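First up is the structure itself, then whatever we jot down about it.
The values are calculated or read from the model by the stated rules, or taken from the named source; none is laboratory data. Just so it is clear, the model here is predicted, and its values are computed rather than measured. Cβ placement follows ideal geometry from the backbone for every residue including glycine, while neighbour counts extend to all protein chains displayed. Surface areas here come from the heavy atoms of the whole protein model, side chains and all, with no ligands, DNA or RNA. Shrake-Rupley method; radii C 1.70, N 1.55, O 1.52, S 1.80 Å.
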Amino acid sequence: MKYKIAVVDDEPEYINRIKDLLNGYSAASKEELSFEINEFTTGDELLKNSPNSFEIIFLDINMPGTNGLRVAKRVRDQNKTAIIIFCTHYAQYAINGYEVNALGYILKPIEEVSFKHNFDRAMKLLKNSQSRRIRLKTLHGVEIMPVSDIVYLEIQIHNLYYYVLKDDTIIDYRTRGSMSEMTNNLGELGFARCSACYLVNLRHVVSVNNGEVRLHGGVVLPISRKFLRSFTDSFMKFLGKNGTLNV
């Protein structure tokens with residue numbers, strides 16, 4: 001999986017330190033794990049560069065221009081799900097992280113043990129929830145949305161359609177892509193194929209019976225014979241892990 005990360009600090013040595021630790025974390029991982037790391041030397045730069053597109057943000061507090069705490073509040077206005085980890089010289093600032101639902105803080109100078117503790121928590125949170133966001137290149141530009149809002153995907157020739165639940169209404173987005181690629185990318189986030197044409201977000205399943213799966217938004221999709229067993233197994237495992245399905 002690839003994660004988009006922002007590192008915001010006015011001290012280049014700490015940007016480089018976090019980058020080195022991220023690269024080391026990726027290399028040591030038993031999974032196929034990679035990071036798209038974006039560097040910013042001020043919080044104002046971050047705010048000008050689509051802060052809603054990042055899944056993890058390492059954020060210094062004392063910086064020129066808008067300080068990190070205020071930047072975090074403005075990020076939260078656009079991005080409710082990003083994991084924010086403060087990096088600071090001053091431990092007394094840590095309490096302010098609760099105001100923006102920060103995951104934690106790393107005290108400078110950055111020690112590998114502290115970094116790994118916080119980043120392990122961040123990765124666990126991303127993997128065990130559907131807080132991840134996805135970037136879609138559509139005919140009308142780039143759309144960024146929480147994975148949890150996607151009800152299902154459909155493939156038609158080389159076009160992928162994303163059906164997204166917004167205010168109890170299903171909205172579709174068309175883009176180019178491969179169903180097998182998206183199955184690999186979203187499978188560990190609770191998605192399963194019910195046929196060659198459909199990839200379903202199991203969190204949105206209302207019922208499964210008579211060869212059909214009923215989803216939130218009133219959608220009913222067929223379950224093909226080829227995918228019946230694998231889909232049913234995936235759904236039962238999802239139920240066992242997550243219990244009652246609530247969105």
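At a glance:
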{"quantity": "Filter pass, residue 110 being assigned to a strand (DSSP E or B) and touching a residue at least 40 places away in the same chain (Cβ under 8 Å)", "calculated": "no"}
{"quantity": "Selected residue (criterion: nearest to residue 127 (Cα to Cα)) from residues of segment 148-197 that are aromatic (Phe, Trp, Tyr) and in contact with a helix residue (DSSP H, G or I) (Cβ under 8 Å, 6 or more places away or on another chain)", "calculated": "191"}
{"quantity": "Criterion (surrounded by fewer than 18 Cβ atoms within 10 Å (Cβ to Cβ), β-branched (Val, Ile, Thr) and under 15 Å from residue 154 (Cα atoms)) met by exactly one of 219, 206", "calculated": "219"}
{"quantity": "Selection status of residue 35, farther than 13 Å from residue 87 by Cα, in contact (Cβ under 8 Å) with a residue 24 or more places away in the chain and crowded, with 19+ Cβ neighbours inside 10 Å", "calculated": "no"}
{"quantity": "Helices (runs of 4 or more DSSP H) contained in segment 1-94 and holding at least 3 residues at positive phi", "calculated": "none"}
{"quantity": "Residue that is under 30 Å from residue 185 (Cβ atoms) and of a type in the set (D, E, K, R), where the choices are 99, 13, 32", "calculated": "32"}
{"quantity": "Segment 134-193: number of residues that are open to solvent by 50 Å² or more (accessible area, probe 1.4 Å), of a type outside the set (A, V, I, L, M) and not in a helix (DSSP H, G or I)", "calculated": "14"}
{"quantity": "Within segment 166-188, tally of residues that are touching a Ser or Thr at 6+ places or on another chain (Cβ under 9 Å) and either hydrophobic (A, V, I, L, M, F, W, C) or within 13 Å of residue 234 (Cα to Cα) (or both)", "calculated": "1"}
{"quantity": "First in segment 47-74 and in contact (Cβ under 8 Å) with a residue 12 or more places away in the chain, second anywhere and outside any loop (DSSP other than H, G, I, E, B) and open to solvent by 60 Å² or more (accessible area, probe 1.4 Å), Cβ under 6 Å, 6 or more apart", "calculated": "47/74; 51/78; 52/78; 61/93"}
{"quantity": "Residue match in segment 62-71 (condition: more than 15 Å from the chain's Cα centre (by Cα), among the aliphatic types (A, V, I, L, M) and within 20 Å of residue 121 (Cα to Cα))", "calculated": "no"}
{"quantity": "Filtered residues of segment 194-203 (kept if at pLDDT 90 or above and either buried (at least 18 other Cβ atoms within 10 Å of the Cβ) or among the polar types (S, T, N, Q) (or both))", "calculated": "194, 195, 198, 199, 200, 201, 202"}
